Amino acid sequence: MPLAKTYKPEEIEGPHYQRWEEEGAFAAGRTNTGKPYTIVIPPPNVTGSLHMGHALNNTLQDVLIRFERMRGRDALWQPGMDHAGIATQMVVERQLDEQGTDRHKLGRSKFVDRVWQWKEESGGTIFNQLRRLGASADWERERFTMDEGLSRAVTKVFVELYKQNLIYKDQRLVNWDPKLLTAISDLEVENRDAPGHLWHIKYPIENEEGRYITVATTRPETMLGDTAVAVHPDDPRYKDLVGKNVVLPLVGRRIPIVADDYADPEQGSGAVKITPGHDFNDFEVGRRHKLDLINIFDQHAHLNDNVPEAFRGLERMAARKEVLAHIEAQGLLEKVDDITHTVPYGDRSGVVIEPWLTDQWYVDAETLAKPAIEAVERGNITFVPRQWENTYFSWMRNIQPWCISRQLWWGHQIPAWYGPDGHIFVEMDEDAALNAAKLHYGKETPLTRDEDVLDTWFSSALWPFSTLGWPDKTPELDRYYPTDTLVTGFDIIFFWVARMIMMGLHFMGEVPFHTVYVHALVRDEKGAKMSKSKGNVINPLDLVDEYGADALRFTLSAMAAQGRDIKLAKSRVEGYRNFATKLWNASRFCEMNVCLLRPDFEPGAVRQTVNKWIVGETAKAAGAITEAIQAYKFNEAADAAYHFTWHTFCDWYVELIKPVLLGDDEIAAEETRACAAWTLSQILHLLHPFMPYVTEELWDKLRHDSPIPDTQDLIVRGWPDASALPMDKDAALEMDWVIRLVTEIRSVRAEMNVPAGAKMDAKLVGAHPETQRRLATHADLIARLARLESIDLADQSPDRAVQVVIDEATVALPLAGVIDITAERTRLEKEIQKADAEIAKVDKKLANDAFVSKAPPHVIEEQHTRRADHTQTRDKLAAALERLKQAG
RNA sequence: GGGCGCGUAGCUCAGUGGGAGAGCACUACGUUGACAUCGUAGGGGUCGCUGGUUCAAUCCCAGCCGCGCCCACCA
């Protein structure tokens with residue numbers, strides 16, 4: 001069946017994907033036995049659906065995987081999903097809320113069952129969306145962070161780190177989310193600038209009637225938990241007050257005035273209230289001065305019983321109002337400044353985070369970070385672009401303890417059990433814990449398990465080895481670890497990349513991957529971050545529906561320049577859909593002209609100049625594309641493929657061979673048909689990583705029409721080897737001359753408004769023997785492409801002709817009566833001026849002694865060549881003008 | 001307060017120490033047997049500003065202006 005007249009992506013995409021999957025083309029270890037090439041997918045949230053960031057991220061991974069697979073590597077793209085603790089729990093809790101219930105009514109075990117049920121029914125829609133994009137992941141190896149195997153890995157890592165004292169339990173201030181009722185890590189806190197106020201409040205000095213010390217605060221409600229006022233030890237204003245007490249307003253508590261470097265004389269009043277229970281800095285000050293720590297909030301950030309009765313039960317903001325009202329009523333409010341300050345918000349819940357004193361589990365990240373820093377310093381891991389290494393280093397070198405416990409129900413429950421006396425047993429499972437307890441207490445002792453679960457990122461940190469079977473010694477782990485490339489966005493370098501490096505090195509003794517390719521953010525076309533609230537989200541699947549997956553993939557690849565965000569314009573996608581159409585139509589051309597793939601075709605043995613030329617151009621393109629992908633310059637690879645396909649193959653080669661295909665020379669025609677088919681097949685190969693569907697479809701057609709059908713799908717075929725293809729320099733020069741000649745004639749025709757139907761017998765004057773030979777070879781072709789009746793040699797330009805200069809020769813288009821002689825004179829004069837200007841520019845350079853003595857020889861040589869070329873052109877143009885004048 | 005990135009054609013973006021590029025948009029012409037989702041030709045830019053280095057700067061350096069992001073405990 002011939003190719004359809006129009007390219008319709010929706011008709012070809014589904015069937016090919018299905019076939020690839022059925023044939024196991026994505027399966028690692030099946031198609032190739034070569035050196036492994038491995039990418040682990042950044043596991044999307046089980047709740048997630050495909051957004052532009054995923055589309056970009058996974059397109060680039062698929063380009064790499066398909067490229068390496070074609071190059072003969074045993075390509076493994078390891079897919080899987082993340083259980084996404086908080087996000088998923090929130091989704092299910094929302095559902096419960098709609099049903100008028102909540103997780104507490106349900107109980108922990110039923111709630112977790114409920115989440116699993118939701119996961120089985122609705123989780124992972126994103127993978128079907130990735131399939132539509134053409135992602136060639138090894139789906140049979142799909143993993144989930146809560147799988148039995150991965151959970152075992154998580155437990156083992158926890159237990160081992162605990163036994164190595166790299167995990168410990170500690171009581172300190174944490175970032176507490178009063179909506180989600182859990183601790184979160186530093187990274188999950190989003191600091192936002194917000195307008196606020198700085199209240200200056202007078203604290204009365206004890207036993208000194210009428211004397212006050214003024215403190216400035218953005219959070220007056222926390223004064224109820226103050227246990228000191230700090231001033232700088234060198235601050236002359238307050239020197240005599242250090243050691244004295246103030247009477248805390250509203251509370252009546254006597255609290256000391258302490259000297260501490262933390263107090264900045266420049267800030268506020270220079271005296272700062274100290275609330276060790278609700279501020280990270282104050283906590284440190286409190287520790288230094290052995291101050292009491294008073295917790296004034298409950299888990300919802302409502303005031304608790306540690307404050308005077310009038311304030312109990314108030315929510316933070318209400319408390320603030322109430323406190324201020326009392327302060328003002330007592331005449332203790334000195335002044336209020338309007339300021340902008342940063343306020344911490346929970347990145348999931350969107351509520352203000354409260355520093356709160358709790359028991360939590362921490363990872364000693366500093367110790368784990370050391371080898372992870374060295375691995376990047378030594379180049380065992382390279383970031384692309386390189387600059388991200390600085391970001392990595394600056395965070396890793398100042399890394400803080402990682403709070404890994406979460407007060408949630410969905411996640412890996414911490415493998416810690418407590419004895420009646422609070423003794424902690426950290427073991428692989430309950431039986432082991434009970435045994436340990438029996439040993440410890442000398443008798444069987446009931447234990448209670450820690451209620452908390454682990455931070456989601458704790459399990460994803462193990463992803464590169466847990467997905468391959470660790471802690472078991474599996475053949476996959478042996479073969480595919482360390483992986484090769486990690487493709488990710490910069491927003492999770494800390495969350496994920498850094499932690500994978502730490503865990504990989506610690507537990508595997510080897511880096512988890514060698515290259516981290518960090519891609520940009522996809523923004524809307526105005527450069528704004530896409531977000532639901534702004535309503536500027538472009539759904540990638542809408543673009544797939546409208547233009548096809550290939551067009552979207554190609555667009556994202558072509559725009560993935562390193563180190564720059566992608567502002568996605570729809571017109572770009574449309575343009576690349578048109579590109580796919582162009583390719584489709586070029587294939588139709590080949591089909592209609594019976595250009596069949598010949599298994600015995602030897603690109604090095606072609607005899608026709610035009611074929612030698614296209615073989616060389618193919619080699620150049622293949623080399624450029626290969627090099628670009630290897631350097632992760634996806635945009636350069638895409639551009640090179642685009643340009644070669646459209647502007648070299650379609651615009652020129654196809655046009656150049658038309659006369660050959662229709663001509664009488666059957667031997668030449670036969671060779672050209674085979675060569676055209678071969679070139680098209682090379683294009684399909686080179687485009688396949690970017691546009692898998694349309695290329696597979698066209699390849700399918702091409703190979704099945706061939707005398708001996710190729711048995712392989714494109715997806716598993718070999719990648720073109722540029723170095724094995726000949727590049728004929730003479731053929732390149734010759735075709736370049738033809739192309740320039742045709743272009744010049746077309747240009748001057750358009751410029752002189754020569755009517756389309758004008759019949760012209762062109763003459764080539766002053767041609768060297770080699771040029772004469774070229775003309776003899778290609779005259780018919782040139783005439784056809786330039787729409788001439790004929791073109792042949794002459795000794796002299798005819799009268800009243802339009803003349804264009806190509807190298808040493810002049811082409812004359814006799815157009816007496818058709819053209820305006822004055823206009824032609826003006827045109828020639830303009831051309832001469834242009835050439836003169838160029839010559840003058842070069843002369844100026846060459847006249848400069850500094851230039852001639854200091855510039856490298858090849859640059860000087862270049863200038864001489866340029867001068868000669870322009871001079872030749874100028875002379876020829878002058879002669880043409882003279883000729884025109886004589887005739888006129 | 002530190003760190004990073006960006007400012008090139010109307011729009012979206014490549015690129016380079018030595019002759020300014022692509023796609024889209026725009027203009028003119030075109031029903032040539034692959035393709036109007038097309039073809040041919042063309043217009044359009046002091047490469048943010050100011051200095052410096054250099055024989056030579058859009059590219060390297062410094063400062064400035066504008067925009068964005070990341071990190072940070074400043075009341």
Interchain or long-range residues, amide H under 5 Å from A:D74's placed H: A:G34, A:K35, A:Y37
Other-chain or far-sequence residues with amide H under 5 Å of A:T214's (modelled H): A:Y203
Sites A:R866 and A:N390, calculated FRET efficiency, Cβ-Cβ separation with R0 45 Å, nearest 0.05: 0.60
Fewest-first sequence of A:V852, A:V606, A:V716 by Cβ atoms within 10 Å of each Cβ: A:V852, A:V716, A:V606
Dipole of chain A, positive direction: furthest Cα of A:W176, A:Q330, A:P308, with charges on the beta-carbon: A:Q330
Partnerless Cys - chain A, beta-carbon criterion under 4.7 Å: A:C403, A:C650, A:C675
Whole-Hz couplings from phi, Karplus 6.51/-1.76/1.60, listed for the range A:20-32; x for Gly and Pro: 3, 5, 4, 7, x, 5, 8, 6, 5, x, 9, 7, 10
Label point at A:H197 placed 7 Å out along Cα→Cβ; residues across the range A:316-348 whose backbone nitrogen lies under 15 Å: A:317-341
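Suppose every K and R has +1 on its Cβ and every D and E has -1 on its Cβ; what is the size of the dipole of the range A:114-233 about the Cα centre, in Debye to the nearest 20? Intermediate results must be reported in sequence, preceding the final value.
Details: 16 positive and 19 negative charges, 70 e Å.
Dipole magnitude for the range A:114-233 comes out near 340 debye.
Calculate, for A:L439 and A:V351, the FRET efficiency according to 1/(1 + (r/R0)^6) with r their C-beta to C-beta distance and R0 60 Å; round to the nearest 0.05. Working shown, then result.
Numbers: r = 45 Å, r/R0 = 0.75.
Plugging the Cβ-Cβ distance into 1/(1 + (r/R0)^6) gives 0.85.
Going by the alpha-carbon gyration tensor, a ≥ b ≥ c the square roots of its eigenvalues, is the range A:103-159 rounded (a/c under 1.5) or, if a/c is not under 1.5, prolate (a/b greater than b/c) versus oblate? Each step should come with its number before you reach the end.
Values: a/c = 3.88, a/b = 1.37, b/c = 2.83.
Cα axes put the range A:103-159 in the oblate bin.
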Sequence-distant residues sharing a close amide H with A:V516 (under 5 Å, placed H): A:T382, A:F383, A:V384, A:L486
Ranked list, fewest to most other Cβ atoms within 10 Å of each Cβ, for A:W699, A:W395, A:W410: A:W395, A:W699, A:W410
Rounded to the nearest 20 debye, dipole of chain A from Cβ charges on Lys, Arg, Asp, Glu: 1140 debye
Calculated from backbone phi, Karplus (6.51, -1.76, 1.60) coupling profile of the range A:242-258 in Hz, x at Gly/Pro: 4, x, 7, 10, 10, 9, 5, x, 6, 10, x, 6, 7, 10, x, 9, 10
For chain A, convex hull volume per residue from C-alpha positions, Å³: 249 Å³
The range A:381-537 - share of DSSP beta bridges that are antiparallel (%, nearest 5): 50 percent
Against the rule of thumb 2.2 N^0.38 Å, how large the Cα Rg of the range A:168-218 comes out: 1.85
Calculated from backbone phi, Karplus (6.51, -1.76, 1.60) coupling profile of the range A:555-566 in Hz, x at Gly/Pro: 4, 5, 5, 5, 9, 7, 6, 5, x, 8, 5, 9
DSSP beta bridge pairing in the range A:741-846, given as percent antiparallel to the nearest 5: 65 percent
Charge dipole magnitude, Cβ of K and R +1, D and E -1 - the range A:138-185, Cα centre, debye nearest 20: 340 debye
Once the Cα gyration tensor of the range A:699-832 is diagonalised, semi-axes √(5λ) in Å: 41, 18, 14
Among beta bridges that DSSP assigns inside chain A, antiparallel share in %, nearest 5: 70 percent
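Counting only helical runs of four or more DSSP H residues, what would the 222 nm mean residue ellipticity of chain A come to if each run contributes -39,500 (n - 2.57) and the total is spread over all its residues? Mind dumping the intermediate values first?
Working: 29 runs with 396 residues, N = 888.
Mean residue ellipticity, 222 nm, calculated: -14500 deg cm²/dmol.
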If the convex hull is drawn through the Cα atoms of the range A:673-763, its volume per residue in Å³: 195 Å³
Dipole-positive endmost among A:V842, A:T826, A:V754 within the range A:754-847 (Cβ charges, Cα centre): A:V842
Kirkwood hydrodynamic radius over Cα pairs of the range A:540-581, then Stokes diffusion coefficient at 20 °C and 1.002 mPa s, in µm²/s: 209 µm²/s
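Hey, what did chain A get for relative contact order, percent, Cα under 8 Å, at least 6 apart?
On the way: 1519 pairs, mean separation 105.6, N = 888.
Relative contact order, chain A: 12 percent.
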Charge dipole (the range A:338-444, unit charges on Cβ, about Cα centre) - positive-most of A:I424, A:Q413, A:A369: A:A369
Whole-Å semi-axes of the range A:1-104's equivalent ellipsoid (Cα gyration tensor): 36, 22, 12
Computed label-point distance, nm, for sites A:E744 and A:K335 using a 7 Å Cα→Cβ extension: 8.1 nm
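Every number in this text was worked out from the coordinates using simple rules, so none of it is lab data. Being a predicted model, the structure only gives us computed values, none of them experimental. So basically every Cβ, Gly included, is an ideal-geometry build from the backbone, and we count neighbours across all protein chains shown.
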